[in-house]
Structure formats: structure tokens, C-alpha cells
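> The structure follows.
The values are calculated or read from the model by the stated rules, or taken from the named source; none is laboratory data. A quick note: this is a predicted structure, and the numbers were derived from the prediction, not measured. No Cβ is skipped: glycine too gets one built from the backbone with ideal geometry, and neighbour counts run over all protein chains shown. To get the accessible areas, we keep the full protein, side chains included, count just its heavy atoms, and leave off ligands, DNA and RNA. Shrake-Rupley method; radii C 1.70, N 1.55, O 1.52, S 1.80 Å.
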Amino acid sequence: MKILQRNSPAFLLAYCQLMLVSCGSEMLRSDSRGEENVGKTGSTSRFTILNEHLYTLSMGRIQSFKISDPKELRVDGAVRVAADIETITNDGAKLYVGAETAMYIYSVAIPALPELLGRHAHQQACDPVVTSGNFAFVTLRNQLGSSRCGRRTNTLEVIDISNPKRPQRVKEIQMHNPSGLGISKDRLFVCDGDAGLAEFDISNPTETQELSRARDEVCADVIALENTLVATSSDGISQYDLSEEKFGFLSRISAQK
Amino acid sequence: MTERTQRLTASIGAFAVGTLFYLLVRGYAVSPHIPLDIVHLPVAQVVADSFPSFIHSIAVVLLATSFGMGRRGAFFTGLLLSTFLEVAQIFLPLGTFDDTDLVAGWAGVAIAAFLPKLKLADSKRNRMSWPLILVSVSTSAASSSYEPDPNPTFPKKSDRQRPYPPLIREEYEPTYMSYAELRNSFKVEAPRAAGEFGKILILGKRLIVSEPNVGVHIFDNSNPAQPKAEYFLNLPGNVDLAAKDNVLYADSFVDLVAIQLGDAPPKLLKRVEDVFRWNAYQVLKNEKIRFTQRPRMELGVVIGARSIKENSK
């Protein structure tokens, strides 16, 4: 056909992209599951402790501090990562550094000087992730007023990560404005903005289903402990009982403006 | 149909096909109301991820020939530019470096320059083809991953709706806490209410939460139904927390402190100085204040802003 032949440049070229979104899956949750006596945090931060070192992010670098003897706390080493790094966490063996445009994975074979193992491109440090077995759960949120993390979608994604090089999305659940999330056994808890705190059944992740919702709980993040769930926001800290499949309110510490 | 009309039709058709491509293959980028699912094959995902680079390089070659460059010149221009742009992503936050993107770019250049049947790079047509240029430039722009500053300081449309601001300009100067004061600022105090909560940490029976830039609140959470406030640690400039073996590590502006927790009241074990970035706007994060004179790092850490009213002429 004449058009195809002579105008194939246009045909091949012009794919108008509607959105500038890259991929979904971002940094892992910092919960130091494998370590004893290490404090459990909710959202990822610029600090993480792995074995005998505290790793902090500052000025585009990972700084390591030796903490085996806190009275002798000192800088032990620093490695340069990238200018846009924001968060650091670990899974008991490796460090994960979330940046604006990628996620970096570091080995701590030499604890003072983490060594770059790999880099996952097309990942933004916007969206929280938790993992359980071969699945990862990510929330994608439209952050109003943010061009970097603003997008026309508010969803919870279930991703099969059995092959870490090629994660595959297996389920997508519409939500209101999801942010932080946490897992306790077979239950996933997601802060859903003004729509409250949602509880999901993830015993079969590909069939993730919402179980219940605490509509009054406006939280930014959650920390799942043995038998309690701690829901946090800048205005307050609420705790819920999770023992024996309950989801009952326990207490709240409120901020006073 | 004239050739111009043909090219225009083809451009529009191509835009439509491209949109369809993004709907089908990169479905998550578009409105969730369209019930199309993503293709789950790894091959499709590699193609989807690297497609922008492929298109980019074809666009570059076409632009080059549109401006009159010969086939070979266009090929080398395309090769150099696509390689350079990809490698530059290692050093600049314009996007991410991907080996598949690099290969896709080379493939695009090769196809655009040398496949005779496609007649993409045809220097005989030296005059510029506007639909092609338009399409190339808009595609390149649309597929780039440049992200503008999320907090731009130029006026937004909403500002224009208000009446003009008064001619008196508000100027701000920083208020400092000297380094000596900073290093003397850690205090263990009786618990008090928090204005807001930041980073939180659970350590054994304790719930430890930062009040951003003010200090750290420690609660006894052995009974989660009744958390009891134990202490407040005055720690200016605190944002982050980590803990292990009953030692709390917290930042205080540019310093890192280690605090012993346990049955006894908290005790400062060690302070490591000048390990975090000095940030003049750390305390002012939520306010749109910019200092007119550069804040001076040697004077201390910035703990606030003071306005000095000044008339503008």
C-alpha cells in the first residue's frame, strides 16, 4: 500500500505517549525481619541497620557507621551512589537504595564499604512495597501537586516476583488513595487515604480480596507486629489488635496542634 | 491524495496506533477504567520498556535527513547521539541506563538509515517534511523521562487569580543555632504532647517516635491498649531513627547521636559531628520561604526564618 511504503517513517515513529509513568515496583519495606533486637520501622527512611553497621544516606552517598560498640560510634566508610537517592532499607542480607530513577542493590560483604550488585532501572522511589514469599504488593497513588509521583491511578498491585528480573503483575485492585502498607501473616493492611485502613486476605495472592475496612483510620503508614498493627500519620498513632483474626481498635496517641 | 495529505494521514494513524500500543502493552499508564490487561510475556515487557529508545533513534535519523544530511551522515549522527544519550543517563538524572535501551537505539538507527524498502532516510527529499518533524520532536519529547522540579518556585495559575500582591516584598533571613548550642542541646525531659509525628520505631516494648526537628518521644508500649509516655528527648533537627540492642541512633541536624535505652533513663552515649548534609531549609520544609541572602553554614544550623520587611521601589 502506498501509504505504508512511502510514509512508513510516520507509521513507525509517531507513538504518542499519554503518560510519563515508568514502572511500579519500588523500594522494599524496612522491617529488618531477619535481625534480633533491631527496631522495627514503618516507612523507609535514610537510616538502616544491618549486622554491626548503621547505614545512612547523605549527600548522594551511603555512609556506614560501626555500631558494635556504641560508645565508639564513628564513620567507617562511604560510597557514592547517585544524586537522587532517597531511601535505604535491607532484607537481612543486602541493602536496597531507592532513588528517583532507579533502585540500587548493594552487598555488604565488606560491611564498611557496600558494593553495588545491581541496579533496577525504571523504578521510582515513590511507591511503597512489601513482599511476602514470591509476591510483592505495591501501592500506586496519585500524589496531588507532585509531577513526579502524580498519576491518574490509585491502585494496589500484586506482583509475582518469582523471577526477580521480570516481575509480572497478577492483580490490580482499585483503591481511593493508597499509601503505606504492611503484612501480618496472611493479611495485608493498606492505608487508603480518606477511605480509611483496608484489610486484605492474601492467603492466595492472585486472588487478593478485601476483608474489612476501618473507615475512621486515616493513616500514612502501618507497621505490622506479632499481634498488633500500628497505624501512623502525622496526627497520631493508632494501634489495633490482630490476634486470632481480630482487627480491633486498641489505642491512639494523638498529636496536639 | 497529495503526498502531504498522505503523510498527515499516516501521522495521525501512527499516533492512534501508538496510543493503542500504550493502552495494550503499557496498560497501567492509562486510565484504569479501560478494562485492558497487560501482556504478561517477558519479551513483550522488554519491548515495551525499550520502545521509547527505539523510537527516539529513528526520530533522530529522520530529523537528520530532513535537514539534508546524507544517509551515512544520518546513520552516524543517530548512532552517536543515541549512544551518548543512553550513557549520559548513568551520570545525569534524565532517566536510567539500560542495556536493552542501548541496543534498541542502535537497532532503530540501523533500520532508519539503511533499510531501503522503508525509504526512511532519503536525502533526495531535502525539503523539510513538517508532519515528520512534528512527529519526531513530539515523540522524542513525550518519551523522554525528564521530570520537572516538583516544587517549582515560579508563580502558579492559582496565584494569578488573587489580586496583585502588595509592592512590599517579604524578605527573610535565617535564625541560627550555633554549633556549640547544638552540641549542648540533648536533654532528657518529662514526657509532653507532640505537635506532629514523623518516623516511628518499635523496639521491644518501646514505641519511639520522632517529632520532626523537635525531638524524640518514648512510650512504654508493653500494653498496646494503653501506651504510656515515658520520656521526651530534646533533640533539635531530628528526622530519622534506627535502633539495635537498646541503643537508639538518631540524627540532630548535622550530627548523629547514640542514646542508651533500658531500665535507666536514656543517656547520651556518643555524638558524631558533621556527618549529615547541612540544609538551610530543613526546618522550613513546608513553607515557601527562600532566603534572599545565602545562609552562612559557618554560623550554625538554621532553625527558623525571620522576616525583614523591605519596600521595593
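> Within segment B:74-96, is there a residue that is at pLDDT below 65, within 30 Å of residue A:103 (Cβ to Cβ) and open to solvent by 30 Å² or more (accessible area, probe 1.4 Å)?
Within segment B:74-96 (the criterion being at pLDDT below 65, within 30 Å of residue A:103 (Cβ to Cβ) and open to solvent by 30 Å² or more (accessible area, probe 1.4 Å)), the answer is yes, since at least one residue qualifies.
> Here is a further query. Out of segment A:219-257, which residues are open to solvent by 40 Å² or more (accessible area, probe 1.4 Å), assigned to a strand (DSSP E or B) and not basic (Lys, Arg)?
A:249, A:250, A:254
> Counting only residues that are open to solvent by 30 Å² or more (accessible area, probe 1.4 Å), facing chain A (nearest Cβ under 8 Å) and of a type in the set (A, V, I, L, M, F, W, C), how many does segment B:249-274 have?
The qualifying residues number 1.
> Say whether the condition of being modelled with pLDDT under 95 and either of a type in the set (Asp, Glu) or within 26 Å of the chain's Cα centre (by Cα) (or both) is met by at least one residue in segment B:263-272.
Yes, segment B:263-272 has at least one match.
> Could you look through segment B:216-248, keep only residues that are assigned to a strand (DSSP E or B) and not hydrophobic (A, V, I, L, M, F, W, C), and pick out the one that is least open to solvent (accessible area, probe 1.4 Å)?
B:217
> Here are some residues: A:67, A:105, A:110, A:85. Which one is modelled with pLDDT of 80 or more and open to solvent by 30 Å² or more (accessible area, probe 1.4 Å)?
A:110
> Going through B:180, B:225 one at a time, which residue ends up being without any contact (Cβ under 8 Å) to a residue 24 or more places away in the chain, more than 33 Å from the chain's Cα centre (by Cα) and more than 14 Å from chain A (Cβ to nearest Cβ)?
Answer to the check: B:180.
> Being within 7 Å of chain B (Cβ to nearest Cβ) and either surrounded by 21 or more Cβ atoms within 10 Å (Cβ to Cβ) or touching a strand residue (DSSP E or B) at 6+ places or on another chain (Cβ under 9 Å) (or both): is that true of residue A:75 here?
yes
> Would you tally the residues in segment A:160-179 being away from every other protein chain (no Cβ under 11 Å), crowded, with 16+ Cβ neighbours inside 10 Å and either acidic (Asp, Glu) or touching a Phe, Trp or Tyr at 6+ places or on another chain (Cβ under 9 Å) (or both)?
1
> Give the residue, chosen from B:290, B:277, B:294, that is part of a loop (DSSP other than H, G, I, E, B) and exposed (fewer than 11 other Cβ atoms within 10 Å of the Cβ).
Of the residues listed, the single one that is part of a loop (DSSP other than H, G, I, E, B) and exposed (fewer than 11 other Cβ atoms within 10 Å of the Cβ) is B:294.
> I'd like the full set of residues that are modelled with pLDDT under 90 and either among the aromatic types (Phe, Trp, Tyr) or farther than 26 Å from residue A:244 by Cβ (or both), limited to segment A:171-193.
Across segment A:171-193, the qualifying residues are A:177, A:178, A:179, A:193.
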